[in-house]
Amino acid sequence: MSFETSVAKLRSPVKELVLSASENGEKLVGNDDAEKQEVIGWINKAGDGKLATENNLKVCYYFIFHKAASQLYYVQDLDALLIPKTYVATNYLTAADVALYGTLHPIIVCSETPFFSIL
């Protein structure tokens, strides 16, 4: 799948954020084919709508209360994927990081209790 196809799956305003940060796919998309595929893969995860759901958004030790949805989001799996990494797809900032940030931001911002006060 191409960068453009992956970004098209993102909801607004995340799509616009990723396009702006990557200068329409000219920057932040990886230095080689393997990195580009990793970046595209993470953008797909962000765009498929399943990454930030009650069952799939999991970062150990804390929970998030989403005021608008009145739901608890228990976090554990995402943490396991991200612990060994500096950034999501590579060792430098990419469009995948921007997409993940944009996708998770509404959930984190709506948190009833700040993350670090729960730990």
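FYI, it's all coordinate maths here, none of it is from the lab. Note that the structure is predicted; figures quoted are calculated from it, not measured. Counting neighbours? That spans all protein chains shown, and the Cβs are built from the backbone with ideal geometry, glycine included.
Quick notes
- Reported to the nearest whole Å, the Cα centre-to-centre distance from the range 16-31 to the range 87-108 is 12.
- In Hz, Karplus ³J(HN,Hα) per residue of the range 14-29 (6.51, -1.76, 1.60; θ = phi - 60°; x = Gly, Pro): 4, 4, 5, 4, 5, 5, 5, 5, 8, 6, 6, x, 7, 10, 6, 10
- Pairwise FRET efficiency - Asp32 versus Thr86, Cβ, R0 = 30 Å, nearest 0.05: 0.95
- Sequence-ordered 3J(HN,Hα) estimates for the range 32-42 from the Karplus curve with 6.51, -1.76 and 1.60 and θ = phi - 60° stand at 9, 4, 5, 5, 4, 5, 5, 4, 4, x, 5 Hz, glycine and proline given as x.
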